[in-house]
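Trainee: Handing you this structure, nothing more for now.
The values are calculated or read from the model by the stated rules, or taken from the named source; none is laboratory data. Note that the structure is predicted; figures quoted are calculated from it, not measured. Here the Cβ positions follow ideal geometry from the backbone for every residue, glycine too, while neighbour counts run over all protein chains shown. Ligands, DNA and RNA are stripped out before the accessible areas are found, and what is left, the full protein with its side chains, is counted by its heavy atoms. Shrake-Rupley method; radii C 1.70, N 1.55, O 1.52, S 1.80 Å.
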Protein chains: 2
Amino acid sequence: MLDSSNNSAVKIEVQPEPAEPVTGGGGGGGGILQQWSREDLIKRGSLGLRGLALFFSLISLILVASNKHGGWADFDKYPQYRYLLAIAILSCFYTGGQVHLGVHELSTGRKMLQPRIAVLFDFIGDQIMAYLLISSASSAIPITDTIREGGDNIFTDSSSSAISMSFLAFICLALSAIISGHKLSAQTCI
Amino acid sequence: MLDSSNNSAVKIEVQPEPAEPVTGGGGGGGGILQQWSREDLIKRGSLGLRGLALFFSLISLILVASNKHGGWADFDKYPQYRYLLAIAILSCFYTGGQVHLGVHELSTGRKMLQPRIAVLFDFIGDQIMAYLLISSASSAIPITDTIREGGDNIFTDSSSSAISMSFLAFICLALSAIISGHKLSAQTCI
């Protein structure tokens, strides 16, 4: 009996548990699995935020572009709304491209761009798009207020909805820019 | 000849260079001195950018606040200019406070706030002030253009100068926000 129990103890010793690889810092006390799940969370969070930004920009684009009711109630008579439309289009292209890249990376596991270039491009792109979106929303607010003084109608309602959508897209991209900035710095300090 | 050359080779080996202290990551291969000088550069760069932002915000504030020429040419008749003024005042307070803290830290070497809180406060403050400045400048541009259609005068000139100054303050704070974001991430990953 004693022999057999000794044998089993030897067997257990012979089969060692898979050693945890030493990664040399990263996350402060967490193992590599924890770091991976955190990276995955950041990646999915970033993709989700850009997806939301794409959705909001697309609605803003449709709302402005369809805001033609003849006479003074045409969006293209006001440079502010043309600017809002231009930035919404730009934001759709940018966030659409980013979502495409992100989904491709998640599904195939391969990156289309070099990691260093991709992270820098992400950060600069997110930050500049966020500034452009807040700028276009801010420039379109005063003219909408001025037209609204003469009474609310379908033109002012569509305009203010489009402004709100651009503002929501801005919030998403501002948060995404924080994540991209974190990724960029994490890459430099590893 | 061969002997003396051998001796000199030994001498070189005997006098070892001062060993580079191992810091455990930071800057990729650079020593602790290099890391210190980089940190110092970042600190001074951040302070310089905020000093510039304070200067530009102050000029913008003075230009808007003194832009009263009677009748329609009073800045406070237009909500856009009041917004521009409000943000310029806020930016003066914020950048003034930050410059004060920075100069105090450089001269005494002591920090007035806990490092972790200070870095977070820096990043959020810079980022929000940058968004507010670009927003106020963008909202004031269309009204200035509209007034300018009736001809240039001292009112429109002062307004456009104030807008330019707010825009320059935005550029400084946007760059400062990148530095603060880097400091925040560097702190988290150390």
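Trainee: Find the residue count for region B:155-190, including only residues that are of a type in the set (Ser, Thr, Tyr), closer than 19 Å to residue B:142 by Cα and surrounded by fewer than 23 Cβ atoms within 10 Å (Cβ to Cβ).
Mentor: Matching residues across region B:155-190 total 5.
Trainee: Here is a further query. What are the residues in region B:48-75 that are at pLDDT below 95, assigned to a helix (DSSP H, G or I) and of a type in the set (Phe, Trp, Tyr), if any?
Mentor: B:75 - this is the single residue of region B:48-75 that is at pLDDT below 95, assigned to a helix (DSSP H, G or I) and of a type in the set (Phe, Trp, Tyr).
Trainee: Within 18 Å of the chain's Cα centre (by Cα) and polar (S, T, N, Q) - does that describe any residue in region A:112-123?
Mentor: Scanning region A:112-123, I find no residue that is within 18 Å of the chain's Cα centre (by Cα) and polar (S, T, N, Q), so the answer is no.
Trainee: Within the bounds of region A:143-159, is there any residue that is touching a Ser or Thr at 6+ places or on another chain (Cβ under 7 Å), within 27 Å of residue B:171 (Cα to Cα) and not charged (D, E, K, R)?
Mentor: No, because not a single residue in region A:143-159 is touching a Ser or Thr at 6+ places or on another chain (Cβ under 7 Å), within 27 Å of residue B:171 (Cα to Cα) and not charged (D, E, K, R).
Trainee: If you take the residues in region A:86-141 that are of a type in the set (A, V, I, L, M) and assigned to a loop (DSSP other than H, G, I, E, B), which one is surrounded by the most Cβ atoms within 10 Å (Cβ to Cβ)?
Mentor: A:113
Trainee: In this structure, is residue A:152 over 15 Å from the mean Cα position of the chain (by Cα), outside any helix (DSSP H, G or I), surrounded by fewer than 18 Cβ atoms within 10 Å (Cβ to Cβ) and more than 14 Å from chain B (Cβ to nearest Cβ)?
Mentor: Against the criterion (over 15 Å from the mean Cα position of the chain (by Cα), outside any helix (DSSP H, G or I), surrounded by fewer than 18 Cβ atoms within 10 Å (Cβ to Cβ) and more than 14 Å from chain B (Cβ to nearest Cβ)), residue A:152 qualifies.
Trainee: Out of all the residues in region B:155-165, is one or more within 10 Å of chain A (Cβ to nearest Cβ) and among the aromatic types (Phe, Trp, Tyr)?
Mentor: Among the residues of region B:155-165, not one is within 10 Å of chain A (Cβ to nearest Cβ) and among the aromatic types (Phe, Trp, Tyr), which makes the answer no.
Trainee: Can you tell me which residue is nearest to residue B:136 (Cα to Cα) among those in region B:41-85 that are hydroxyl-bearing (Ser, Thr, Tyr) and open to solvent by 20 Å² or more (accessible area, probe 1.4 Å)?
Mentor: Among residues in region B:41-85 that are hydroxyl-bearing (Ser, Thr, Tyr) and open to solvent by 20 Å² or more (accessible area, probe 1.4 Å), the one nearest to residue B:136 (Cα to Cα) is B:83.
Trainee: Of (1) over 21 Å from residue B:140 (Cα atoms); (2) touching a residue at least 40 places away in the same chain (Cβ under 8 Å); (3) more than 15 Å from the chain's Cα centre (by Cα); (4) more than 10 Å from chain B (Cβ to nearest Cβ), residue A:109 satisfies all except one. Which?
Mentor: So the condition that residue A:109 fails would be (2).
Trainee: Also, quick follow-up: Between a residue in region B:173-190 that is within 16 Å of residue A:187 (Cα to Cα) and facing another protein chain (nearest Cβ under 9 Å) and any residue that is at pLDDT below 80 and open to solvent by 60 Å² or more (accessible area, probe 1.4 Å), which pairs come within a Cβ distance under 7 Å, given they are 6 or more apart or on different chains?
Mentor: Partner pairs satisfying both residue conditions: none exist.
Trainee: Among (1) away from chain A (no Cβ under 14 Å); (2) basic (Lys, Arg); (3) under 24 Å from residue A:78 (Cβ atoms), which single condition is residue B:77 missing?
Mentor: Every listed condition holds for residue B:77 apart from (1).
Trainee: On to the next question. Which ones in region B:119-147 are without any contact (Cβ under 8 Å) to a residue 12 or more places away in the chain and away from every other protein chain (no Cβ under 12 Å)?
Mentor: Within region B:119-147, just B:121 meets the criteria.
Trainee: Can you confirm whether residue A:169 is within 13 Å of chain B (Cβ to nearest Cβ), in contact (Cβ under 8 Å) with a residue 60 or more places away in the chain and either farther than 28 Å from residue B:129 by Cβ or touching a helix residue (DSSP H, G or I) at 6+ places or on another chain (Cβ under 8 Å) (or both)?
Mentor: Criteria not met by residue A:169.
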